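Asker: Handing you a structure now.
The values are calculated or read from the model by the stated rules, or taken from the named source; none is laboratory data. Source: prediction; values computed, not measured. Methodologically, a virtual Cβ is constructed for each residue, glycine included, from the backbone with ideal geometry; neighbour enumeration extends over all protein chains shown. Ligands, DNA and RNA are excluded from the accessible area calculation, which covers all protein heavy atoms including side chains. Shrake-Rupley method; radii C 1.70, N 1.55, O 1.52, S 1.80 Å.
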Amino acid sequence: MTLDYATDGVDAHAEAIKSCDYWDRYWDGLLHLNEPGTDEQTVLSYGDIAYAAAQRAGVAEMRYKPLLAAFDRFADTVDDTDPSAGLSAAADISAACTTARTY
């Protein structure tokens, strides 16, 4: 994935909300991955969209740095053998999304 860190004209709040909406889709997709009608590539693309939007928001405005940091922690756990690390980072993303939605 190519990341664009340019922040000129970025609506950080809209990007944060987009990130959280796609995070919800991604997480729900992971929970239903083995069910008929759930496409793994679509679910993974939701994660990519969520992460990219969090990066744009976090770089554009300081108040969204916790959202970006939580996504970074989650990304760091992908190859981790301890699933609790990923679950902890996922909980941090959900908490950061709750905060972002209140701005």
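Asker: Kirkwood Rh over alpha-carbon pairs of the stretch 11-83, then Stokes-Einstein at 4 °C and 1.567 mPa s: what D in µm² s⁻¹, rounded to an integer? Intermediate results must be reported in sequence, preceding the final value.
Answerer: Details: Rh = 12.6 Å.
Here the translational diffusion coefficient equals 103 µm²/s.
Asker: Let me ask you something else. How much length would be gained if the chain were fully extended between Val78 and Leu30, taking 0.36 nm per residue of separation minus their Cα-Cα distance, in nm to one decimal? Can you show the working numbers first?
Answerer: Details: separation 48, 0.36 × 48 = 17.28 nm, distance 1.31 nm.
Difference between extended and current length: 16.0 nm.
Asker: How far apart, in nm, are two points set 7 Å out from the Cα along the Cα-to-Cβ line at Thr38 and at Asp21?
Answerer: The two pseudo-label positions are separated by 2.2 nm.
Asker: Using each residue's phi in the stretch 65-73, evaluate 6.51 cos²θ - 1.76 cosθ + 1.60 at θ = phi - 60° and report the 3J(HN,Hα) Karplus result to the nearest Hz, with x for Gly and Pro.
Answerer: Coupling constants for the stretch 65-73: 4, x, 5, 5, 4, 5, 5, 4, 4 Hz.
Asker: Taking only protein heavy atoms into account and a 1.4 Å probe, give the accessible area per residue of the chain in Å². Could the numbers behind the result be given before it?
Answerer: Details: 6080 Å² over 103 residues.
I get 59 Å² per residue for the chain.
Asker: Given a cut-off of under 8 Å on Cα pairs at least six residues apart, what relative contact order in percent is computed for the chain? Kindly include the intermediate steps, with their values, before the conclusion.
Answerer: Numbers: 110 pairs, mean separation 31.7, N = 103.
Computed value for the chain: 31 percent relative contact order.
Asker: A follow-up question, please. To the nearest 10 degrees, how steep is helix 12-31 against the longest Cα principal axis of the chain, on a 0 to 90 scale?
Answerer: With both axes taken from Cα atoms, the answer is about 0 degrees.
Asker: So how far apart, in nm, are the two label points at Ser45 and Thr99 if each is 7 Å from Cα heading toward Cβ?
Answerer: It works out to 3.2 nm between the two label points.
Asker: Please list 3J(HN,Hα) in residue order for the stretch 43-56, calculated via the Karplus relation 6.51 cos²θ - 1.76 cosθ + 1.60 where θ = phi - 60°; whole Hz, with x for glycine and proline.
Answerer: 4, 5, 5, 4, x, 5, 5, 4, 5, 4, 5, 4, 5, 5
Asker: Can you tell me the dipole magnitude for the chain around its Cα centre, using point charges on the Cβ only (Lys, Arg +1; Asp, Glu -1), in Debye to the nearest 20? Don't skip to the answer; put the middle values down first.
Answerer: Values: 7 positive and 18 negative charges, 85 e Å.
So the magnitude is around 400 debye.
Asker: Let me ask something else. Note down the accessible area of Asp28, probe 1.4 Å, to the nearest 10 Å².
Answerer: That residue has around 80 Å² of solvent-accessible surface.
Asker: For the chain, which whole percent of the accessible surface, found with a 1.4 angstrom probe, sits on carbon and sulfur atoms? It would help to have the intermediate numbers written out before the result.
Answerer: Working: 3100 of 6080 Å².
It is 51 percent, rounded to a whole number.
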